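Scroll down for the structure; my scribbles are underneath it.
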Amino acid sequence: MAAFRKTSGGAFSVFPAHMLQFMFIAMNRTTIFLLLLFFCCHTSIFADDNWPGFRGNGDSHTNARKLPLEWSDTKNIAWKAALPGYGQSSPIIWRNHVYLTAIDGPNKEKLYFFCLDLKTGRQLWLKEFANTFKPVKITYMVSQAAPTPVADDKGVYVFFELGDLFGFEHNGRLRWHRQLAKEYGAFRGAHGLSSSLVSTKEELIVFIAHMGGGYLLAVNKGDGQNKWKTERKAGGCWTTPLVITYQGQQQILVSGSRSVMAYEAETGRELWTVNGLIENDFPSPSVAGDLVVIGSGVKGSNLAIRLGGAGDVTQSHIAWRAEEASSNYNSPLVHRGLVYFVNKVGVAFCLELATGKELWRKRLALSECWASSLAVGDQIYIFGNEGRTVVLRAGRQYEQLALNTLDVERIYGIAAVEGKLLLRSGKELICLRER
C-alpha cells in the first residue's frame, strides 16, 4: 500500500504507507513523552504546594526546593502581613491559600479564622465569632489560639482552646460548628489547651487533655458528628497526636500525662501503652520505620519505643533511652537515621535513631524553641523564640550553615512549600523567599 503526497510543483507522488505509519508512531511517542514529563513535573510541584497541618504532615519534613538559607529584616523577605488579634497557631497552606487563627480582646471575646494569599500576603477573607462560653483573661501563660487547623481537599477544620470546633469550606463558608466545652464540660487548667487537630481520610482527631478529665474524639469531617469518643484520665498536656499506618493498621499515637498510648483509628480502642514518663507534656511524637521517638523535658524520659505489641509494653518495647538529651517544648526531629533534640536553654543534641547513641551536642545561639524544627534535604532549621533561626547541615558532625535574625518577639509556628518559608509570630506572618 502507498499514500499520496503533493509535490511542490502540484503533482502527486507516491509516499510509502510504512513511512507514514512511522511518522505517526514517532509523533505519538513524542506526545506521550511530553505529556508524561508535564504531569510528572506538575505532580511534584503540586505535592509541595501544601502544608496541611501541624508539622506539615506530622513529621516536620518537606521536599520543597529553593528555601532560603539566609535572611534578615532586609534580605530574602517576600512579604510581611500584619495579622488581626493575636495567635500562637502555625500557618497551614492549601494550594495558594494560607490559613491562620487568632483571638482578640482582654478576655478572648473574639475568635478569628482568616485566609491570606500565599503569593502576596493579602488577606482574602476573615471570619469572626464571639466567645459565648466564658471569659478568659489573657496572660503570657495562657494559650492564645494555640491549636493549629488542618486542611484537606474538601475543607479546613479549626479548633480553639475554648472548645469551639468548626468545619469550613475553602472559600470560608461555614459547614458546621460544635462547642465541646458545653457538650462535655468546661476545661480545667491554668494554661489552656494547645493540642492541634490531625485527621484521617474521613475523620478529625481531637485531643482534649485537662485537669478535669480528658478524651480523644473522632469527628466526621462532613457533618461534625462523632464517630467515637475514648475517655482518658485527667491531666493537662499540650502535645498533638500523630496518625500513622503500621502493618496495615491506622493508629493514633498520643504522648502526654506520663504515658504514651496507641489507639486504633477506626474504633478508638487502646492498643498499647508505655508508662512512667516525666514531663512529656509538650513535644509531640515522631515516627521513623518501626520506632516512635518521644521528647520530654526530663532526662531519661526521652526515648524510642518499638511499635507493635499489646497492653502495657513498658518493659518490653523501649528500644533506648537518651542519657542526656531532652526536648522541653519543640518535638524531636527524625531525619536520615538521626534524631535531633533541643532543650529549653538552646542546647541541641544529635542521636543515632537505631541505638540512641549521642553523636554531638552543641549550645546554639538561641534560647527556647516553641516552633518545631524543620528538615529540608541536607539542612535542619531550628527556630528560637527571640526571632533567631539556626540552620545546620544534617549529619553526624555538627556544622552550622547560617544564623538568621528577625525583629519579632517570638516564632510560634512555621510552614514550608516550594520556594517559600513562612514564620508566624503573635501578630505577624513573614514569608521568606530566596531572591
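Overview of results
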quantity	calculated
Thr230 being touching a residue at least 40 places away in the same chain (Cβ under 8 Å) and either part of a loop (DSSP other than H, G, I, E, B) or not charged (D, E, K, R) (or both)	yes
Per-region count, the stretch 130-158, residues under 25 Å from Asn171 (Cβ atoms), crowded, with 16+ Cβ neighbours inside 10 Å and not acidic (Asp, Glu)	11
Strands (runs of 3 or more DSSP E) wholly inside the stretch 317-435 that include at least 1 residues being without any contact (Cβ under 8 Å) to a residue 60 or more places away in the chain	318-321, 338-342, 347-352, 358-363, 379-383, 388-393, 400-405, 420-424
Residue under evaluation Arg65, criteria (1) farther than 18 Å from Val376 by Cβ; (2) outside any strand (DSSP E or B), criterion not met	(1)
Close pairs (7 angstrom Cβ cut-off, 6 or more residues apart or separate chains): within 15 Å of Leu303 (Cβ to Cβ) and in contact (Cβ under 8 Å) with a residue 12 or more places away in the chain in the stretch 243-268, buried (at least 20 other Cβ atoms within 10 Å of the Cβ) and of a type in the set (Ser, Thr, Tyr) anywhere	Ser255/Thr239; Ser255/Ser284; Gly256/Thr239
Pairs with Cβ under 6 Å, 6+ apart, first in the stretch 117-134 and on the phi < 0 side of the Ramachandran plot and free of Cβ contacts under 8 Å to residues at least 60 places away in the same chain, second surrounded by 13 or more Cβ atoms within 10 Å (Cβ to Cβ) and among the acidic types (Asp, Glu)	Leu124/Asp117; Asn131/Glu109
Options Gly222, Gly212, Gly185, Gly192: the member that is out of contact with any strand residue (DSSP E or B) (no Cβ under 6 Å at 6 or more places or on another chain) and at pLDDT 95 or above	Gly222
Test: Asn107 is over 23 Å from Ser331 (Cα atoms), polar (S, T, N, Q) and either outside any strand (DSSP E or B) or in contact with a helix residue (DSSP H, G or I) (Cβ under 6 Å, 6 or more places away or on another chain) (or both)	yes
Considering residues of the stretch 180-200 that are out of contact with any Asp or Glu (no Cβ under 8 Å at 6 or more places or on another chain), assigned to a loop (DSSP other than H, G, I, E, B) and not aliphatic (A, V, I, L, M) only, the residue surrounded by the most Cβ atoms within 10 Å (Cβ to Cβ)	Ser196
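The values are calculated or read from the model by the stated rules, or taken from the named source; none is laboratory data. This structure is a prediction, so every number in the text was calculated from the model and none was measured. Counting neighbours? That spans all protein chains shown, and the Cβs are built from the backbone with ideal geometry, glycine included.
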